[in-house]
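The values are calculated or read from the model by the stated rules, or taken from the named source; none is laboratory data. Keep in mind that this is a model prediction, so the values were computed, not measured. All Cβ positions, glycine included, derive from the backbone under ideal geometry; neighbour counts span all protein chains shown.
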Number of protein chains: 4
Amino acid sequence: MVERIVTAGARVLEDSGYQEASTNRIAREAGVSPGSLYQYFPDKDAIVAEITSRLIDDFASAIAPALRQAAIEQPPAAALVVLGAVLDALQQQAALLRALVDRVPAVEQQEALQSVRARLADIVYHSLATNRGALRHADVERTTWTIVELTQHLLVRYVLDSPPIAREDFLADTTHLILHLAYDRDVAE
Amino acid sequence: MVERIVTAGARVLEDSGYQEASTNRIAREAGVSPGSLYQYFPDKDAIVAEITSRLIDDFASAIAPALRQAAIEQPPAAALVVLGAVLDALQQQAALLRALVDRVPAVEQQEALQSVRARLADIVYHSLATNRGALRHADVERTTWTIVELTQHLLVRYVLDSPPIAREDFLADTTHLILHLAYDRDVAE
Amino acid sequence: MVERIVTAGARVLEDSGYQEASTNRIAREAGVSPGSLYQYFPDKDAIVAEITSRLIDDFASAIAPALRQAAIEQPPAAALVVLGAVLDALQQQAALLRALVDRVPAVEQQEALQSVRARLADIVYHSLATNRGALRHADVERTTWTIVELTQHLLVRYVLDSPPIAREDFLADTTHLILHLAYDRDVAE
Amino acid sequence: MVERIVTAGARVLEDSGYQEASTNRIAREAGVSPGSLYQYFPDKDAIVAEITSRLIDDFASAIAPALRQAAIEQPPAAALVVLGAVLDALQQQAALLRALVDRVPAVEQQEALQSVRARLADIVYHSLATNRGALRHADVERTTWTIVELTQHLLVRYVLDSPPIAREDFLADTTHLILHLAYDRDVAE
DNA sequence: TATGAATGAGGATTCATTCAT
DNA sequence: CATGAATGAATCCTCATTCAT
């Protein structure tokens with residue numbers, strides 16, 4: 001039942017955005033009565049939050065293999081592998097992603113997004129800390145913050161805005177940015 | 001009167017975001033009757049658009065001197081000067097900026113934001129084209145896109161999220177990113 | 001519920017006419033919330049349309065027996081029987097009729113009224129065509145149009161304006177008009 | 001000034017009907033300020049009433065010659081002359097007539113219309129009274145009422161609905177109706 | 001548990017009217 | 001007189017939410 005609601009909600013969100021996604025419409029789309037929504041969710045925003053949260057879980061599963069592989073690679077290759085995987089995952093969910101990023105007021109989904117950001121930050125932080133000696137400077141937090149913001153934003157906008165940039169070029173640039181931000185000098189790319 | 005409406009609208013937006021900003025509330029806050037709103041604006045979104053547009057004009061004025069100075073500097077210093085000015089301008093308007101960026105569905109403000117982005121892109125494009133010979137690669141469009149997205153996002157998030165990063169460090173990192181993305185090798189920073 | 005809304009709507013219409021009949025007022029009069037109106041009707045005009053439509057159905061039922069009887073009578077008696085029945089039916093609903101005819105802009109109810117007129121026209125046409133040989137002239141359409149307009153208007157105004165004319169005299173005059181328009185010479189009245 | 005307002009009001013009424021004819025729009029169309037309307041008319045309905053009233057005066061002037069001529073003719077010819085003149089006058093003002101008859105709730109214009117009806121009734125009454133001896137029955141009031149309603153309605157609908165009936169046929173039928181209603185037997189037509 | 005009819009506060013917008021200038 | 005900015009009550013309608021069944 002939660003399943004049907006979430007699926008229908010995502011569909012409605014994709015089709016029409018947050019404002020047009022009335023609870024009645026989600027219920028109808030789910031083949032469920034409006035009342036039933038409130039047996040599983042306290043209010044409308046909770047449904048959106050659940051949708052966001054599931055999207056994020058999907059991403060996590062989708063990039064898990066890449067993360068495992070990255071763990072046994074050198075930074076440049078590792079970054080490329082991970083970024084490529086994230087990009088693929090985002091492309092897969094472009095429609096819902098657009099609905100969530102561009103059509104839902106950001107506050108509604110901050111909790112959920114904070115969690116992604118936190119996971120991403122952990123990975124980056126750990127990776128940087130491991131190579132602490134080679135960093136441009138010792139402030140790992142600072143570099144982590146910038147990398148997370150940078151990466152997340154560029155990937156999302158690349159998927160949503162489809163700028164006229166080839167995938168490999170885009171990934172190369174992003175990798176270049178990250179590595180140059182983190183490390184003192186050119187790492188073999 | 002337009003003044004009062006826009007001011008009140010901005011205040012309401014800052015306090016409660018787009019969804020809560022009803023026309024009646026804006027009117028009340030402005031000490032004006034609901035009908036008066038519609039003598040000056042065709043609908044609610046036009047009010048929000050005007051607020052956004054004024055914010056953008058403020059930015060433009062605020063950074064104009066920096067842009068003039070940047071025109072007679074070398075890239076690294078130029079970038080620093082401009083970024084610093086933009087950062088100051090954003091700090092000045094942090095409250096309204098937060099309301100607009102985080103609490104208004106992106107679609108509602110796309111026209112206004114596209115215009116800023118376009119102006120920014122022009123400046124960056126021109127600057128890159130001028131130093132075309134020294135670029136990492138010839139695709140100026142591509143570099144422009146990345147720089148614009150990158151810069152805008154990092155600056156806005158720095159202002160809105162206040163990460164524990166010193167202003168000079170943040171500006172240094174951002175400048176570093178931009179220059180390394182654009183130019184083949186280290187420019188004297 | 002539809003019942004309550006329609007009843008209340010008719011009452012409000014009778015009391016105050018179309019312009020004053022706000023949806024909120026109809027809802028209040030029906031002891032129902034404004035929202036409920038829109039579960040059963042797409043908009044305000046649909047309510048008025050339903051009221052009109054029911055009025056018309058009432059008429060249809062009320063005059064059905066007379067029509068059956070008329071089918072087995074000669075023209076003069078047939079006309080008298082039908083007109084008398086219609087007059088009674090109109091008298092029954094005088095209040096609502098007044099509201100609809102005099103206080104609703106004609107355009108709002110044209111669909112509904114066209115349907116009555118069409119039914120009436122069918123009956124008249126058929127009746128004339130049956131006696132085609134005796135007609136003043138062969139243009140049945142033309143006579144039908146005039147009879148329908150004539151009859152409908154006179155009956156409605158008689159009911160709404162209560163001119164100082166006895167019922168039997170009024171019916172006699174109307175019958176006289178119709179028969180003389182249709183047939184070449186005096187039919188035994 | 002009254003002139004401009006009335007002219008503009010008529011234009012707006014013709015174009016869009018009563019509901020859409022806002023005072024602001026009439027003022028704009030008249031090139032006059034909304035405030036000025038209220039120097040000459042107590043409220044919106046007074047403007048509509050004045051428009052109606054002028055339309056009626058126009059009719060009166062337009063048919064005056066026909067009435068004079070009718071005074072020196074025998075009933076059948078007299079009726080034809082008058083009806084023809086009225087029909088012409090209505091055709092001239094068809095657009096405004098439609099706006100007034102079909103799109104203004106009847107109550108708004110009853111005063112004005114009562115006056116026309118009264119004038120018409122006077123003429124008919126006088127004409128019948130003059131030939132009292134030949135009437136089908138002595139109740140002149142009764143016949144007057146029916147003729148007035150009958151004539152007015154048929155002429156207006158003929159103009160507004162353009163039924164597929166030739167002008168001369170329509171006039172012949174209407175004359176036939178009136179004369180047969182009034183007089184005992186066929187008058188030479 | 002599931003329903004879905006019912007809710008009602010609230011939304012954006014209109015427009016006849018006023019009144020200070 | 002003429003103006004027109006300002007009014008604000010009122011309009012139609014929406015939709016997140018509730019609750020008796």
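Any chance you could count how many residues in the range D:32-50 are charged (D, E, K, R) and under 13 Å from D:Tyr18 (Cα atoms)? Reasoning before the result, please.
Pass one, the range D:32-50, residues charged (D, E, K, R): D:43-45, D:50.
Of the ones still in play, those that are also under 13 Å from D:Tyr18 (Cα atoms) are D:44-45.
Adding up the residues that qualify gives 2.
Within the range B:1-13, the residues that satisfy the criterion of being in a helix (DSSP H, G or I) and away from chain A (no Cβ under 14 Å) are B:Val2, B:Glu3, B:Arg4, B:Ile5, B:Val6, B:Thr7, B:Ala8, B:Gly9, B:Ala10, B:Arg11, B:Val12. When we screen A:Asp45, A:Asp57 for residues that are of a type in the set (D, E, K, R), touching a helix residue (DSSP H, G or I) at 6+ places or on another chain (Cβ under 6 Å), closer than 25 Å to A:Arg117 by Cβ and in a helix (DSSP H, G or I), the only hit is A:Asp45.
Evaluation of C:Phe59 against the conditions (1) farther than 24 Å from C:Leu120 by Cβ; (2) more than 10 Å from DNA strand F (Cβ to nearest atom) shows that the sole unmet condition is (1).
Restricting attention to the range D:1-14, and to residues there that are without any contact (Cβ under 8 Å) to a residue 40 or more places away in the chain and within 24 Å of the chain's Cα centre (by Cα), which single residue is nearest to DNA strand E (Cβ to nearest atom)? Lay out the reasoning, then the answer.
Let us first name the residues in the range D:1-14 that are without any contact (Cβ under 8 Å) to a residue 40 or more places away in the chain, namely D:1, D:3-4, D:7-8, D:11-12.
Filter once more, keeping what is within 24 Å of the chain's Cα centre (by Cα): D:3-4, D:7-8, D:11-12.
Numbers: D:Glu3: 19, D:Arg4: 16, D:Thr7: 17, D:Ala8: 13, D:Arg11: 15, D:Val12: 10 Å.
The extreme case among them is D:Val12.
Among the residues of the range C:27-56, those identified as more than 17 Å from C:Ala95 (Cα to Cα), away from every other protein chain (no Cβ under 14 Å) and not small (Gly, Ala, Ser) are C:Arg28, C:Glu29, C:Val32, C:Pro34, C:Leu37, C:Tyr40, C:Phe41, C:Pro42, C:Asp43, C:Ile47. From the list D:Ile56, D:Ile63, the one residue that fits, being touching a residue at least 60 places away in the same chain (Cβ under 8 Å), away from DNA strand E (no atom under 16 Å from the Cβ) and of a type outside the set (Ser, Thr, Tyr), is D:Ile56.
The residue of the range B:125-144 that is modelled with the lowest pLDDT, among those that are part of a helix (DSSP H, G or I) and within 14 Å of chain A (Cβ to nearest Cβ), is B:Leu128. Answer with yes or no whether C:Ala77 is of a type in the set (Gly, Ala, Ser), without any contact (Cβ under 8 Å) to a residue 40 or more places away in the chain and more than 16 Å from DNA strand E (Cβ to nearest atom). When the stated conditions are applied, C:Ala77 passes them.
Starting from residues that are among the acidic types (Asp, Glu) and not in a helix (DSSP H, G or I), keep the ones in the range C:171-186 and report whichever is modelled with the lowest pLDDT.
Residues of the range C:171-186 that are among the acidic types (Asp, Glu), as a first pass: C:173, C:184, C:186.
Narrowing further to those that are not in a helix (DSSP H, G or I): C:184, C:186.
Numbers: C:Asp184: 62, C:Asp186: 54.
Once the filter is applied, the top-ranked residue is C:Asp186.
If you check D:Gln93 against the conditions, is it within 15 Å of the chain's Cα centre (by Cα) and either on the phi > 0 side of the Ramachandran plot or at pLDDT 85 or above (or both)? Yes, satisfied. When D:Glu168, D:Glu149 are checked against the criterion of being in a helix (DSSP H, G or I) and in contact with a Leu (Cβ under 8 Å, 6 or more places away or on another chain), a single residue qualifies: D:Glu149. Hey, does the range B:22-38 have a residue that's touching a Phe, Trp or Tyr at 6+ places or on another chain (Cβ under 9 Å), within 16 Å of DNA strand E (Cβ to nearest atom) and assigned by TED's automatic domain parsing to the domain that holds B:Leu155? Checking the range B:22-38: not a single residue is touching a Phe, Trp or Tyr at 6+ places or on another chain (Cβ under 9 Å), within 16 Å of DNA strand E (Cβ to nearest atom) and assigned by TED's automatic domain parsing to the domain that holds B:Leu155.
Tell me which residues, restricted to the range B:140-166, are over 21 Å from the mean Cα position of the chain (by Cα) and surrounded by fewer than 16 Cβ atoms within 10 Å (Cβ to Cβ).
Restricting attention to the range B:140-166, the residues satisfying the condition of being over 21 Å from the mean Cα position of the chain (by Cα) are B:140, B:164.
Hit for the range B:140-166 is B:Pro164, nothing else.
The residues of the range D:3-13 that are away from DNA strand F (no atom under 13 Å from the Cβ) and basic (Lys, Arg) amount to a single one, D:Arg11. On inspection, C:Pro76 passes the criterion of being away from DNA strand F (no atom under 16 Å from the Cβ), in a helix (DSSP H, G or I) and modelled with pLDDT under 90.
Just the residues that are among the aliphatic types (A, V, I, L, M) and touching a helix residue (DSSP H, G or I) at 6+ places or on another chain (Cβ under 6 Å), please, taken from the range B:136-149. Those that are among the aliphatic types (A, V, I, L, M) and touching a helix residue (DSSP H, G or I) at 6+ places or on another chain (Cβ under 6 Å): B:Val140, B:Ile147, B:Val148.
Considering each of B:Asp122, B:Asp169 in turn, give the residue that is within 12 Å of chain A (Cβ to nearest Cβ), of a type in the set (Asp, Glu) and surrounded by fewer than 19 Cβ atoms within 10 Å (Cβ to Cβ). Even if it seems obvious, please write down each step before you answer.
On the way: B:Asp122 fails: within 12 Å of chain A (Cβ to nearest Cβ).
Exactly one of B:Asp122, B:Asp169 is within 12 Å of chain A (Cβ to nearest Cβ), of a type in the set (Asp, Glu) and surrounded by fewer than 19 Cβ atoms within 10 Å (Cβ to Cβ), namely B:Asp169.
Selection over the range B:14-41 of residues that are in a helix (DSSP H, G or I) and within 11 Å of DNA strand F (Cβ to nearest atom) gives a count of 13.
In the set D:Ala62, D:Ala89, D:Ala71, D:Ala94, which member is under 30 Å from C:Arg103 (Cα atoms), in the same structural domain as D:Ile178 (by TED's automatic domain parsing), of a type in the set (A, V, I, L, M, F, W, C) and surrounded by fewer than 16 Cβ atoms within 10 Å (Cβ to Cβ)? Lay out the reasoning, then the answer.
Values: D:Ala62 fails: surrounded by fewer than 16 Cβ atoms within 10 Å (Cβ to Cβ); D:Ala89 fails: surrounded by fewer than 16 Cβ atoms within 10 Å (Cβ to Cβ); D:Ala71 fails: under 30 Å from C:Arg103 (Cα atoms).
The conditions single out D:Ala94.
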